[in-house]
Amino acid sequence: MREKNPEQVWLGGQSYGGRQSSILAAESPGLVDRLLLLSYPLHAPGKPAQLRTAHFPKLNMPVLFVHGSRDPFGSLEEMRSAIQLIPAPVKLIEVEGAGHDLGRDHAALARRIVDQWALIRTW
């Protein structure tokens, strides 16, 4: 990807795909310039003590999280606490009333994501 677009390589995913993307980015500094993590599975439902954040301190690129307020894989409060482990700029888009599927109005949510994505340099 760097050969095709050396200036900007972005990576992301939803749920487990986002988790794997973030682990890859943490283990390979310089591989990507931005991360988009939709419904990051912070922990298994009902197991809040088993956080999946060990790699967060190694994330050195801007990260945009999108998370539902009713997601069983982590509350918004847990997510706000976890993202403080990331030393790079981080933004959290909160989707009120949505679960792990991020609700039904995906078009409106996509606009919110694009708006924040465009502002990353100002975070």
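The values are calculated or read from the model by the stated rules, or taken from the named source; none is laboratory data. Predicted, not measured: the structure shown is a model, and the values here were computed from it. Using ideal geometry, Cβ is built from the backbone for each residue, glycine included, and neighbour counts are taken over all protein chains shown.
Residues considered: 27, 77. Of these, the only one that is at pLDDT 95 or above, loosely packed, with under 15 Cβ neighbours inside 10 Å, in contact with a helix residue (DSSP H, G or I) (Cβ under 9 Å, 6 or more places away or on another chain) and of a type in the set (Asp, Glu) is 27.
I need a count of the residues in region 4-24 that are surrounded by 14 or more Cβ atoms within 10 Å (Cβ to Cβ), within 23 Å of residue 110 (Cβ to Cβ) and either at pLDDT 95 or above or small (Gly, Ala, Ser) (or both).
Residues that pass the stated criteria total 10.
Could we say that residue 43 is over 19 Å from residue 26 (Cα atoms) and either modelled with pLDDT under 95 or surrounded by 17 or more Cβ atoms within 10 Å (Cβ to Cβ) (or both) here? Against the criterion (over 19 Å from residue 26 (Cα atoms) and either modelled with pLDDT under 95 or surrounded by 17 or more Cβ atoms within 10 Å (Cβ to Cβ) (or both)), residue 43 does not qualify. Selection of region 92-123 for residues being among the basic types (Lys, Arg) and over 20 Å from residue 29 (Cα atoms) yields 104, 111, 112.
Residues in region 80-93 that are surrounded by 12 or more Cβ atoms within 10 Å (Cβ to Cβ) and either farther than 21 Å from residue 16 by Cβ or of a type in the set (Gly, Ala, Ser) (or both): 80, 81, 82, 88, 89, 91. Against the criterion of being crowded, with 20+ Cβ neighbours inside 10 Å, under 12 Å from the mean Cα position of the chain (by Cα) and aliphatic (A, V, I, L, M), residue 64 qualifies. Number of residues in region 28-69 that are of a type in the set (D, E, K, R) and within 20 Å of residue 121 (Cβ to Cβ): the value is 2. Criterion first (more than 15 Å from residue 101 (Cα to Cα), in contact (Cβ under 8 Å) with a residue 12 or more places away in the chain and surrounded by 23 or more Cβ atoms within 10 Å (Cβ to Cβ)) does residue 35 satisfy it? Yes; evaluated as a whole, the condition is true for this residue.
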